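Asks: Before we start, here is the structure in question, set down as structure tokens.
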Amino acid sequence: MASALAAKMGFNSLLRKQARNFRVRICTMESEEEFNCEVKWKGKDLFDLVCRSLGLWETWFFGLQYTIKDTVAWLKMEKKILDQEVPNEEPITFFFLVKFYPENIEEELVQEITQRLFFLQVKKKILEEEIHCPPEASVLLASYAVHAKYGDYDPNVHEPGFLAEEELLPKRVINLYQMTAEMWEERITVCYAEHRGRTRDEAEMEYLKIAQDLDMYGINYFLIRNKKGTGLLLGVDALGLHIYEPENKLTPKCSFPWNEIRNISYSDKEFTIKPVGKKSNTFKFISSRLRVNKLILQLCIGNHDLFMRRRQVDSLEIQQLKAQAKKERARKQAEWQRLQREKKLRKEAERARAEMERKLIQLQEEAHMASEALLRSEQTADLLAEKAQIAEEEAKLLAQKAAEVETEMQRIKVTAMRGQEERRLMEQKMLEAEMRALKESEESERRTKEAEQLKQDLQEARESERRARNKLLEITSKAINAVAHGLSSSYSPVLPSDSFPPDLSYSRENLSFDFKDTDMKRLSMEIEKEKVEYMEKSKHLQEQLNELKTEIESLKLKERETPLDIIHNQNTEQGTSKQSNFKKVRSQNDLRPRRKMILLFCMHQNLQNL
């Protein structure tokens, strides 16, 4: 079956070679593009075409990467494309990526497109944990990434939540802390606001300057074995070769700088490093595949060539390109400063215009108010004139009414003379009414006296009732004491029924005994209830802590744990961490719920301060 598959792949490769051209897909960090390639093209022909389409002349940092049999490979420049082990597909997919990293980002990267491609690739490697980044550095890098995308911070535009859809921090950093997305965004925004005044290109360069100081920046790792069969890691970067322990990619056990290496070679799976000193021991290791050794040697040759080139005087062409790029950056910086000044002047003009518009609106409002006041004054004058006319008409009516009143008075005088007889009759009736009123008053006084007598009798009756009740209570108390005395002396006297006054009736319902043990039972029940509530709260708090710990552990990616994370876990298991100390204090002391909440708050603050 394997031979049939190989034969089929060979037949497909033959058909593709017989064709006049073939298509390739080039994927950069920002876009994808397809090209038509001729069968006779070498890797350099395709690479130069891609660089021309991107406007890139700093070509020595980049390469075309592809994957074959789960192994990363780079397209060789001197060989034909179809003669290499490229994927048997149409179109063939290549990734235009950074292959070699500079020693000093700021000095060596000249073109903006070069800087942009480096920025995007390094950012992707940090977010995907291919480069280990401490949490505090992750926040700072995220702030520069935001500045590179959005420009200067503007609180009116960049309101809370504007980073909700952005991927800015490695998942390892997010998962290691009990912080919400809003808390992370707040910390990133604080740093972002401090970068105000930088261009987007400067933000990208600051990002790269911080990233190049990370321990895993620019290093290609390969799994190897020494002669004893011990697993190790070989790191290849711009400065030389480094040997690491598999679990520690941050600190190399030993290093071979390029200027101290005489020769590098491989034979099948065995790779040999010969140092410069004659007495120095040769280092040999074994890789997993021959293809891996080829890749290691290819990276070593490229990094060594760049290492030597950096220590030589730049060629005239590169000096001209650098001078041109420097001049272009100065021009863009001056243009950016001019735009900033224009932006500032435009804002001041807009502010002055807004102020003028505000004053104009204020004057318009004042004119409108004056117009309304004038209108009200005219209306008031019209009303006063109307009132004067009405007053004049009223004066005429009053004069007319005065004349009518005079006439009426004459008529009343005549009528008064006629009414004297009637007045006499009325006086007689009034006298009779006064007599009846006197009789009613005497009757009222008599009724009042009777009511007062009844009140006095009622008060005396209540006093008698009170004395009788006290007497009854006294007799009852004596009877109870006699019964108690009889019980203590094994004697039970019978209280005769005629010992009570005949005018009082004894009822058991009128006696009440206040037993204090009832209150004690109620108090005991309340205390027991508070105990149960306290135990439930303590249990709930412990469950919350356990759930919080479980949540942190479930979010942590074990395969991405760094050595620092592992050391922290070991300390926690041994009981030397701050959180474990708090747990011991809680387990040894019966703390109140309020103090437990204080400890929980302290733990939360410690996690936030990490």
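The values are calculated or read from the model by the stated rules, or taken from the named source; none is laboratory data. Everything numeric in this text was worked out from a predicted model, so none of it was measured. Neighbour counts run over all protein chains shown; Cβ positions are idealised from the backbone, glycine included. Remember, those area values only see protein heavy atoms, side chains included, never the ligands or the DNA or RNA. Shrake-Rupley method; radii C 1.70, N 1.55, O 1.52, S 1.80 Å.
Asks: So if each residue of separation counts as 0.36 nm, and I subtract the Cα-Cα distance between R331 and T59, what length gain in nm does that give?
Replies: Answer, rounded to one decimal: 95.5 nm.
Asks: Please report Rg over Rh for the stretch 28-134, where both radii come from the alpha carbon positions and Rh follows the Kirkwood definition.
Replies: Here the Rg-to-Rh quotient is 0.97.
Asks: Please give the peptides 37-49, 280-292 ranked by average Cβ packing (other Cβ atoms within 10 Å per residue), highest first, as a rough proxy for protection.
Replies: 37-49, 280-292
Asks: Whole-Hz ³J(HN,Hα) for each residue in the stretch 112-126, computed from phi via Karplus 6.51 cos²θ - 1.76 cosθ + 1.60 with θ = phi - 60°, x for glycine and proline: what do you get?
Replies: 5, 5, 5, 4, 5, 5, 4, 4, 5, 6, 5, 4, 4, 5, 5
Asks: Sticking with this structure for a sec: Only loop residues by DSSP count here, and only those with at most 15 other Cβ atoms within 10 Å; note down the trypsin sites (Lys or Arg not before Pro) in the stretch 148-214 that meet that.
Replies: For trypsin sites (Lys or Arg not before Pro) across the stretch 148-214 that sit outside H, G, I, E and B with at most 15 neighbouring Cβ atoms in 10 Å, the list reads R196.
Asks: OK, next. Please give the net charge around I318, taking every other residue with its beta carbon less than 10 angstrom from that of I318, where Lys and Arg add +1 and Asp and Glu add -1.
Replies: Neighbour charge sum, excluding I318 itself: -1.
Asks: Right, next: Can you pull the percent of the stretch 231-338's accessible area that's carbon plus sulfur, 1.4 Å probe, other chains left in place?
Replies: 52 percent
Asks: With bins 5 Å wide starting at 0, give me the P(r) of the stretch 272-399 over every alpha carbon pair, in whole percents.
Replies: Bins of 5 Å from zero give 2, 7, 6, 6, 6, 6, 5, 5, 5, 5, 4, 4, 4, 4, 3, 3, 3, 3, 3, 3, 2, 2, 2, 2, 2, 1, 1, 0, 0 percent of pairs.
Asks: Another one. Once you've got the Cα coordinates, tell me which of K76/K123; K149/K322; K209/K279; K171/K284 are over 30 Å apart.
Replies: Beyond 30 Å: K209/K279; K171/K284.
Asks: Here's a follow-up. I want to make sure I understand the PRE zone here: with the label point 7 angstrom from the Cα of N248 toward its beta carbon, which residues in the stretch 264-303 have backbone N atoms less than 18 Å away?
Replies: Once the point is set 7 Å along Cα→Cβ of N248, nothing inside the stretch 264-303 turns out to lie under 18 Å by backbone N.
Asks: Can you give the net charge of the other residues whose Cβ lies under 14 Å from the Cβ of F256, counting K and R as +1 and D and E as -1?
Replies: Net of charged neighbours comes to +2.
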